[in-house]
Amino acid sequence: MALHAEYPEFPPKVDIRGQIYDVLPNTSSTDWADVDASKVGFSVVTELSEGLQRRHQPSVAKLFTGNATGAHWKDTLALTAHLRTFNGGKTVAAALVELSHLRRMTAVEFGAAQVVKANEELAWVDCSFYFSTESPKARCRGKLMLIPDGADGEWRIWSMSTWLTNFEDHLEDETLLRHPSTPLPAETDFRTDVLVIGGGNAGVILAGRLKALNVDYVVVDRNKQVGDNWRLRYDCMRFHTFKSFCQTPYIRRCPRPYPDEASDALTKDELANQIHAFAHEFDLNQRILHQSSIVATSYDAGKKLWSVRIADGVRGCERVVTCRCLVVATGAGFSGVNVPDLPGRDKFRGAIIHSTEYGNGKQLVDAGAKSVIVVGSANTAFDIMPDCHKAGLQTTMIQRSPTYVVPMSYFAHPMGLGAYEFLPIEDCDAVVSGGPLAVGGPLLALCHGMQAMEEPKRYDEVRRAGLQVEDSLTGDLLINLIDRCGGHFVDMGKGIELITTGQVGIRSGVVPAGYTADGVLLSDGSEVKTDAVVWCTGFGNLDVRKSLPDILGKGAKQFASKMESTWGVDAEGETRGLWKRQPDVDNIYVFAGGTGQHRWFSKVIALQIKGMLEGIFPEAYRRTPGVEETAPKETNGVHLHSNL
């Protein structure tokens, strides 16, 4: 399937570092010890509230940093009924004044404020606030980052984020989670409000959110039980982040599925037990069709209903489910595995497997292998490579291009994911997933970069051994996550030393080009002898449109071409195609990401669905003040900043 022929890039993907990231301000001239954060925050919030109540755009505009692109506002459903970012003080003020009137926004109430210091050159007043809207009746929260700006040194808004927390008359009710779920209908064909495709972390957590909002749902999953998305992975799999970042929503009412003494890099079984316990605790299994797959999908635009034909593997029959909303939650790569079809495969006498088929190194040894090639140099490859070496296999890693490597210890920094160790989860998620990328990206890069500067030679030895490393002095975690959906390596203290000491071979700057009877030909013309090849090269297509026929079966191509590209960011800095309404296809949502995104965006999607079902959610605000209405479709109506 030719992507450019059938699925043109829309909206256009932009360069995150070059077009989205803003230059961090220097606030070192301020004596932060003398700053009364609460007084500053209260004053700015009061002025903002008064300006919006009067619909006086100049008064609002002067509250934002003066340079053309130095102010940013990200809204998550609260005022735009969409996921939008506005850049530049004048644009932000114009959109804010228009939308606050359109949604009949109430007075803005000050919450709390504190000084946050990144380093000697940058600090800001971090300020929370609250407000409500009347159209729809909803509760919302927000956050400001305030800095002294300009010659007058007035406190102005550098970054603002707002997000919807609840609909006033349809509150998220956690007591509903304790109610027994209604078993799936006995009839072959039935109706529901929401059909969720995929019963991994994303799908099951979304099911919990929908239940708390009293929304009827059904989840379809290919596996036998909840948690198999982790349980069926390779034996040595570890999650490359701290366990505080992996918690599920409502966890304060859900018994811990792993002991407190569990390591921070959770095992596959600990992760499986966690999501299994979540589903069991809230009786979500009653609404899951296990061992099932989609045969065909169609949409009736007149009735605004989806019709999905499902192969029910448990009952051994096909069933037709009619629903108002469809959610695709099948994973970051959406479908399939990424293994190239190279010439000579039929000649190779050894085993060729993808990481999804890998169990452990001993299995390869028991099958007669004495050597193995691990293709790839990201997290999965660095899990499997030491396991193969431990099993006694002569191991060689093939690295195509430089890998961004970040020590896991960097995640403990309080300016990064370390905040999850001491702040409420919801507050941390609002910063990580609910703030403007133009600000959050450079701040996280600064956080990791400061730590890398303290040990600039950390990876010199492994570089000399042949591994191409991009560290946090030049590399960027968020760009890898958003643009590539991975491809990085979180260094947890294993694997690197095996290459450094020569116990594992490394061939970098090359790719496998073909097979011989007893080895692999590389792109530089050389050959590496091996008895087995393990491809650690990721999954399927990052663009969900190319995977929809595999996920949703017959009929999917008819609407796939009308959907947005996924992953990467648009000109605003918004992740493309995920977690939000599609402009040209009704009531279909694409849900992917990591555990933190599962927590935050499960509620974002659930609120959009609830608002639509109740008939109270406005149309998505897709305009940008100051942009010509006749702007070409390729820009999707967003404002392109040439000097971001």
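Any read-out appearing in this document is the output of simple, stated calculations on the displayed coordinates, not a laboratory observation. Please read these numbers as outputs of a predicted model, since none were measured by experiment. Cβ sites come from the backbone with ideal geometry, for glycine too, and all protein chains shown count toward neighbours.
Per-residue packing, averaged as other Cβ atoms within 10 Å, sorts the ranges 490-498, 435-443 into the order 435-443, 490-498, beginning with the highest. By the Kirkwood approach, averaging reciprocal distances over each pair of separate Cα atoms, segment 13-169 gets a hydrodynamic radius of 15.9 Å.
Extent of segment 486-550 along its three principal axes (Cα atoms, max minus min coordinate, largest first): 44, 36, 21 Å. Look at the dipole of the chain built from charges on Cβ: of 245, 188, 12, the Cα furthest out on the positive end belongs to 188.
Based on Cα contacts under 8 Å between residues 6+ apart, segment 90-177 shows a relative contact order of 20 percent. Most tightly packed first, judged by the mean number of other beta-carbon atoms within 10 Å of their residues, the peptides 165-178, 228-241 read 228-241, 165-178. Computed from the C-beta positions of residue 346 and residue 616 and an R0 of 56 Å, the FRET efficiency is 0.40 to the nearest 0.05. For the chain, the antiparallel share of DSSP beta bridges with both residues in that region comes to about 60%. Most simply put, segment 13-169 has about 85% antiparallel DSSP beta bridges, counting only bridges with both residues inside it. As a calculated quantity, the FRET efficiency between residue 188 and residue 301 at R0 = 22 Å, using C-beta atoms, amounts to about 0.30. As a length-normalised measure over Cα pairs under 8 Å and 6 or more apart, the relative contact order of the chain settles at 18 percent. Between residue 527 and residue 269, the simple label model (points 7 Å from Cα in the Cβ direction) yields a spacing of 4.3 nm. Each principal axis of the Cα cloud of the chain was taken in turn, and the coordinate range along them, longest first, works out to 77, 65, 52 Å.
Remark on residue 295: its backbone amide H falls under 5 Å from those of 309, 310, 311, a criterion applied only to residues 5 or more positions apart or on other chains, H modelled at 1.01 Å from N.
Residues whose amide H lies under 5 Å from that of residue 241, counting only those 5 or more places away or on a different chain, are 266; hydrogens are built 1.01 Å from N in the peptide plane.
Membrane-span-like helices in the chain (whole DSSP H runs, Cα extent of at least 20 Å along the helix axis, mean Kyte-Doolittle hydropathy of at least -1.0): 37-54, 437-453, 595-613. Using a Debye calculation, one point per C-alpha and no hydration shell, please list log10 I(q)/I(0) for segment 388-449 at q = 0.19 Å⁻¹ in order. With no solvent term, the Cα-only Debye profile gives -0.78. Helical content of the chain, expressed as a calculated mean residue ellipticity at 222 nm, amounts to -7000 deg cm²/dmol (DSSP H runs of 4 or more residues, -39,500 (n - 2.57) each, divided by residue number, nearest 500). Treating each Cα of segment 542-631 as an identical point scatterer and summing with the Debye formula, the log10 of I(q)/I(0) at q = 0.16 Å⁻¹ comes to -0.78. Multiplying each eigenvalue of the alpha-carbon gyration tensor of segment 287-394 by 5 and taking the square root yields semi-axes of 41, 15, 15 Å, largest first, rounded to whole angstroms. When Rg and Dmax are taken over the Cα atoms of segment 407-535, they come to 18.6, 57 Å.
Relative contact order of segment 351-535: 35 percent, from C-alpha pairs under 8 Å at least 6 residues apart in sequence. Each semi-axis of the equivalent ellipsoid for segment 441-506 is √(5λ) with λ an eigenvalue of the Cα gyration tensor; in descending order they amount to 23, 15, 9 Å. Rounded to the nearest 20 debye, the dipole magnitude of the chain is 1460 debye, with +1 charges on Lys and Arg beta carbons, -1 on Asp and Glu beta carbons, and the Cα centre as origin.
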